[in-house]
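What follows is a set of notes on a single structure, which appears directly below.
Rule-based calculations on the coordinates, nothing more; no lab input. Please read all numbers here as calculations on a predicted model, not as lab measurements. Here the Cβ positions follow ideal geometry from the backbone for every residue, glycine too, while neighbour counts run over all protein chains shown.
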Amino acid sequence: MDLDSLYQEVILDHYKRPLNKKLEPNPTVQVHHVNTSCGDEVTLNLHTDGRVVAKISWEGVGCSISQASHSVMSDLLKGKSVEEALGLVDEFQKMLQSKGIDAGNEEHLQDGVAFAGVAKFPARVKCALLGWMAFKDALQQSIAKKR
Ligand code: ZN
């Protein structure tokens, strides 16, 4: 495994100083997701009015890839419209499932493109996707709630 490309500086930075890693009270929806293949766990609190993602906060344990990815996700998707946020989750997921072919659109995914290299390590893809899938689940639950 090429650790240099896997643990890029951006990932290490987010791992050491994770953003939004403190659960905000009274969320619209709270979800808990687990990646059993690695042992990563995340609890995610979503605050939304159904149109805009107001706040994403989280607590979790796990490997540096998962922790850094939660941090990037929570920072990138906060303040986005619901449609925009879901589009970005899909883009991130496509990049990670491309086996390294899709380098990601930096303009859209910003720090998220640092995880493009993870796509070459199938065992770690779930680590990087965990928080994003938790967010998507929470958002879909929040939309269902409003109906
Ligand atoms: Zn992991």
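Output the 0 to 90 degree angle, nearest 10, between the alpha-carbon long axis of helix 64-77 and the longest principal axis computed from the alpha carbons of the chain.
That works out to roughly 50 degrees.
Provide the gained length on full extension for the span Asp102 to Ala144, in nm with one decimal, where the gain is 0.36 nm per separating residue minus the Cα-Cα distance.
11.9 nm
Taking N as the number of residues in region 58-147, what is its Cα Rg relative to 2.2 N^0.38 Å?
It is 1.05.
Which residue fluctuates most in the GNM of the chain (Cα springs below 10 Å): Pro18, Pro122, Pro27?
Pro122
Take the alpha-carbon centre of region 23-68, take the same for region 107-147, and report the distance between them in whole Å.
Taking the Cα centre of region 107-147 as reference, the centre of region 23-68 is 11 Å away.
Relative to the first principal axis of the alpha-carbon coordinates of the chain, what is the inclination of helix 122-146, with its axis defined by its Cα atoms, in degrees from 0 to 90 and to the nearest 10?
Helix 122-146 sits roughly 10 degrees off the main axis of the chain.
Add -39500 (n - 2.57) for each DSSP H run of 4 or more in the chain, then divide by its residues: what number comes out at 222 nm, to the nearest 500 deg cm²/dmol?
-14500 deg cm²/dmol
Rounded to the nearest 10 degrees, what's the angle between the helix 82-96 long axis and the longest principal axis of the chain, both from Cα atoms, 0 to 90?
20
What aspartates and glutamates sit close enough to Lys146 to cross-link, taking a C-alpha to C-alpha distance under 17 Å and skipping anything fewer than 8 places away on the same chain?
Asp49, Glu83, Asp137
Starting from the Cα of Arg17, step 7 Å along the direction of its Cβ; do the same at Gln110; then give the gap between the two resulting points in nm.
1.4
Can you give me the distance in nm between label points at Ser64 and Arg51, each placed 7 Å from the Cα along the Cα-to-Cβ direction?
4.2
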